[in-house]
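Bear in mind that the values in this text are calculations on the coordinates, not laboratory data. Every value quoted in this text rests on a predicted model; they were computed, and no experiment measured them. Note: ideal-geometry Cβ built from the backbone for every residue, glycine included; neighbour counts use all protein chains shown.
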Amino acid sequence: MAPLTLRRLRDNPHVRDLVRDVRLAPGQFLQPLFAVEGLAGREPVPGLRDVWRDTPDSLARQVEADLAAGISRFLLFAVPRAKHARDFHYGFGADVVAGLRRRFGADVWLAVDVCLCSHTTHGHCGVLDDDLSHVLNDASVAELARQAAAWAAAGADCVAPSDMMDGRIGTIRQALDAAGHGRTVLMSYAAKFHSGFYGPFRVAADSAPTAGLKDRATYQLDPARRDEALLAARRDAAEGADILMVKPGLPYLDVLAGLTRELPQPFAVYQTSGEQAALELLAREGLADGARVQRETWTAFARAGARIIISYAARRATALLAGAPE
Ligand code: PBG
Ligand code: ZN
């Protein structure tokens, strides 16, 4: 008997394609968007190609162009000009969401990030106590529920809490249901780690911590713990999250693979701004084929069990995937 040779199924593009168990489609991507109050015009986000801090008008034009190119699923971040320590205002974000909904109707599927870091004077994701040394969990959760209800009332299809407070999923679900938003999807940033791969985002969302706690280590997950990710994902599922997320992507691929095996909820993965900038830097330096490494990371996410991929390059997904077979 001839020895087994795995090379037979790699012999040519036809057979390689036939036997693949992972396939990517443009429909599984979410494109992040930033709406920033008070800008004179759109600004590029440092390190990221084709990603902008938009005004409400430039954002609407961008979404129109995206729709024409077949991109219809988005994750929006609203960045108000005025910052507060408490008693936040959600009018700017609500107007942006309502404006997109009025203009594009059901042609777009719009998820909206729920957090306080773009709204706070200190840049943290929750309300802090008076000496800014601790996050006040329950006061934060109450605010987040108010924000989520504001986005839902404005027409969000999905709200996505990224704050990492305890118990926010259950409270937000209750608040949505009580306000008549039972159809609004809840996507939890369930396993969001305290990561160094968020750099360009914090410029885009004006959300770097600037006072009080020096970083987000007390509320985001510890990179050195897998059990915590499992506990957080199970808890958020039990509290009513429809979709669970792992973030960042590549450095936490083991977590993604483990959680998708463990839990029946659909998973999203967030390829963060720092991860994206790293890929683009490699390509700019001529050290990698940008399209190829982009596809390779996305394939890894799908292989690890992600259904939804949040990527800053989502609006180029069709072109990048069309270049596929290696
Ligand atoms: C903040 C938030 C972050 C991201 C989404 N919402 C980063 C952070 O914790 O500062 C990550 C986005 C990215 O880096 O692409 N709640
Ligand atoms: Zn935040």
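Axis angle, to the nearest 10 degrees, between helix 227-238 and the longest C-alpha principal axis of the chain: 70 degrees. Available extension along the chain between residue 179 and residue 166 is 2.5 nm, counting 0.36 nm per residue and deducting the alpha carbon span.
For residue 288 and residue 6, the FRET efficiency from 1/(1 + (r/R0)^6), where r spans their Cβ atoms and R0 equals 35 Å, is about 0.85.
Candidate cross-link partners of residue 192 among the lysines, defined by an alpha-carbon separation under 21 Å and a same-chain spacing of 8 or more, comprise 214, 247.
Given R0 = 22 Å, the distance between the Cβ atoms of residue 227 and residue 131 translates into a calculated FRET efficiency of 0.10. Computed log10 I(q)/I(0) for the chain at 0.11 Å⁻¹: -0.68, from the Debye equation with unit scatterers placed on every C-alpha and solvent omitted.
With a cut-off of 20 Å on the backbone N, the residues of the range 287-305 near the modelled label site 7 Å out from residue 69 along Cα-Cβ are 289-299. Of the beta bridges in the chain, as assigned by DSSP with both residues counted there, near 10 percent are antiparallel. Placing unit charges on the Cβ atoms only, positive for Lys and Arg and negative for Asp and Glu, gives the chain a dipole magnitude near 980 debye about its Cα centre.
Label 7 Å along Cα→Cβ of residue 57; the range 12-39 residues with amide nitrogen under 17 Å? Label zone hits: 35-39. The angle separating the long axis of helix 168-178 from the principal Cα axis of greatest extent in the chain is about 70 degrees. Would you compute, from DSSP H runs of 4+ residues alone, the mean residue ellipticity of the chain at 222 nm, taking -39500 (n - 2.57) per run and dividing by the full residue count, rounded to the nearest 500? Taken over the chain, the calculation gives -11500 deg cm²/dmol. For the chain, the longest principal axis of the Cα atoms and the long axis of helix 273-284 meet at an angle of about 40 degrees. A Stokes-Einstein calculation at 4 °C with viscosity 1.567 mPa s, built on the Kirkwood radius of the range 265-307 over Cα pairs, returns a diffusion coefficient of 117 µm²/s. Between residue 121 and residue 50, residue separation times 0.36 nm minus the direct Cα-Cα distance comes to 22.7 nm.
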